[in-house]
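Colleague: Please read through the structure below; I'll follow up with questions.
Every read-out reported here was derived from the displayed coordinates using simple, explicitly stated rules and does not represent laboratory data. Bear in mind that the values here come from a model prediction, so they are computed numbers and not experimental data. In this analysis, Cβ positions are derived from the backbone assuming ideal geometry, glycine residues included, and neighbour counts consider all displayed protein chains.
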Amino acid sequence: MSAFILEKLCRGCKRCVNTCPVQAITMFSHLAIVDSAICIECEACMEACMHGAITFAALEEKKTNG
Ligand code: SF4
Ligand code: SF4
């Protein structure tokens, strides 16, 4: 599973975009979007995000948070 952005928590700061070594993250409107086909699951973006908006437990989180 690739990194996943929790839209409610993303502040559009682009730290993750600048951190990703393979440019798998782009900004769409003011949200970061991960291209799962490019992501190598290095977790660098998750460590860079100061808002806890990046997770690897994507689908479970989404169900829980609605
Ligand atoms: S680092 Fe976090 S808050 Fe900033 S754009 Fe990326 S996901 Fe959003
Ligand atoms: S886990 Fe690594 S490769 Fe995947 S989006 Fe985050 S920084 Fe990029």
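Colleague: Taking the Cβ of each residue in CYS42, CYS10 as the centre, tally the other Cβ atoms inside 10 Å and list the residues starting with the fewest.
Modeller: The order, fewest Cβ neighbours first, is CYS42, CYS10.
Colleague: Now, a different point. Restricting attention to the chain, give the cysteines that have no other cysteine Cβ less than 4.7 angstrom from their Cβ.
Modeller: Those would be CYS10, CYS13, CYS20, CYS39, CYS42, CYS49, since no other cysteine Cβ in the chain comes under 4.7 Å of theirs.
Colleague: I would also like to ask the following. Output wanted: per-residue J couplings in Hz (rounded whole) for the stretch 6-20, from phi through Karplus 6.51 cos²θ - 1.76 cosθ + 1.60, θ = phi - 60°, x for Gly and Pro.
Modeller: Running phi through 6.51 cos²θ - 1.76 cosθ + 1.60 with θ = phi - 60° gives 7, 4, 5, 9, 5, 9, x, 7, 6, 4, 5, 4, 6, 8, 4 Hz.
Colleague: I need ILE33, ILE54 ordered by Cβ neighbour count within 10 Å, fewest first.
Modeller: ILE33, ILE54
Colleague: List, largest first, the extents of the alpha carbons of the stretch 4-65 along their principal axes, each in whole Å.
Modeller: For the stretch 4-65, the Cα spread along each principal axis is 30, 21, 19 Å.
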